[in-house]
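The values are calculated or read from the model by the stated rules, or taken from the named source; none is laboratory data. All of these numbers come straight from a predicted model, not from anything done at the bench. Neighbour counts are summed over all protein chains in view; Cβ atoms, including those assigned to glycine, are modelled from backbone coordinates with ideal geometry. Each accessible area value is taken on the protein alone, full model and side chains, heavy atoms only, with ligands, DNA and RNA left out. Shrake-Rupley method; radii C 1.70, N 1.55, O 1.52, S 1.80 Å.
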Amino acid sequence: MSRILISGLVNTETTVKVQKFPIDYYPIDYPFFGISTAVSGVAYNIALAMKTLGDETRLLSMTGRDFPASYIQNELTAAGIGTEHLKAKLGETPSSVVLYDQSGRRQIHCDLKDIQEASYDFSEEQVADADIVVACNINFNRELLHLAKKMGKRIATDVHVLSNIFDDYNREFMECADILFLSDEGIGDDPYGFIGALEEAYRTPVIVLGRGSRGALMYVRENDWFHEMPAAHVGEVVNTVGAGDALFSAFLHFYAKGLDPVDCLKRAQVFAAAKIRVSGASKGFVTEAEIEEMLTWN
């Protein structure tokens, strides 16, 4: 069992099924069983995914002192993640709304409240026994990056949408990362060139570019090679929100166990494909045993 520290955003999330994009104006709609609310946020999604896969997870985040915070605390306790490292330091708890259509396309509206101006105050004790430190790209984790680096920990981060390898907001995260994930949504038409430029700038040991239905592209510096992998298919796509978090989580789970990066990515693709059969960023996770069974389908 690997010990994983995950620090980042936890929020409430409401998903709403819409008829199509773009959305035409109408005064009311009745999408029966098309609206639901759950705990989400990148850090929670990763923590729950990795716990489902069998890891020991330590979740660090911040909330307000409001009803959504109480709801989050109850869900963390029920999931076996715990609330020991959850600090009530915000004016209000962050929240998001996700619109999705029948094809699985989604549009996310995320209200971070005042979390980008808050500080967490990390301790060496929180980091000391972690096999991997997952530092989500949120402002309060900048302190964690340098603490984990000083302590010699492997750092993983996902910068999500990136169009400039010297992006001011994400640069510090990329400089510190040993495992770097990102989406292909903002990189243009040359993924190999973009990943190559990233590696040259930051000398990152492992870079994975999520490409949605086109799979993923990975670069491993130790071998100096690229590996392109098609997407896995294990059922009907319902909602793609959270697919990137699922891919990231499963890759880290198997990487912490010592698997070859290609084997990690292969299993991560299956995990992400299984997850998007369900609507909701923190729902639809399968176990390691189920991944191994699904591998025979692909």
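Distances between placed amide hydrogens fall under 5 Å for Phe181 paired with Thr157, Asp158, Val159, Val208, all partners being 5 or more residues away or on another chain.
Between Glu84 and Asp189, the FRET efficiency from the beta-carbon distance, with R0 = 41 Å, is close to 0.35. Would you please state which residues of the stretch 21-57 a label at Thr287 would reach in this model, taking the label point 7 Å out along Cα→Cβ and a backbone N cut-off of under 13 Å? Answer for this model: 52-55.
Label reach from Arg277 (point 7 Å along Cα→C-beta): in the stretch 216-243, amide nitrogens under 12 Å belong to 233-238.
According to a simple spin-label model (label point 7 Å from Cα along Cα-to-Cβ), what is the distance in nm between Glu175 and Tyr30? Here the modelled spin labels are 5.7 nm apart. With a simple spin-label model that places each label point 7 Å from the Cα along the Cα-to-Cβ direction, the separation between Ser103 and Arg65 comes to 4.8 nm.
Probing with 1.4 Å while keeping every protein chain in the model, the per residue accessible area of the chain equals 45 Å². Note on the chain: helix-only mean residue ellipticity at 222 nm, from DSSP H runs of 4+ residues weighted -39500 (n - 2.57) and normalised by residue number, equals -9000 deg cm²/dmol. So, R0 is 30 Å and r is the distance between the beta-carbons of Ser163 and His227; what FRET efficiency does that work out to, to 0.05? Efficiency at R0 = 30 Å is approximately 0.80. Here r is the Cβ-Cβ distance between Ala197 and Lys149 and R0 is 35 Å; the resulting FRET efficiency, rounded to 0.05, is 0.95.
Taking trypsin sites (Lys or Arg not before Pro) in DSSP loop conformation with at most 14 other Cβ atoms inside 10 Å as exposed sites, the chain has its longest uninterrupted site-free stretch at 66-202.
One Cα centroid belongs to the stretch 186-238, the other to the stretch 247-263; the line between them spans 14 Å.
Amide H to amide H, with H built 1.01 Å from N, Leu60 comes under 5 Å of Ile6, Ser7, Gly8, counting only residues 5 or more places away or on other chains.
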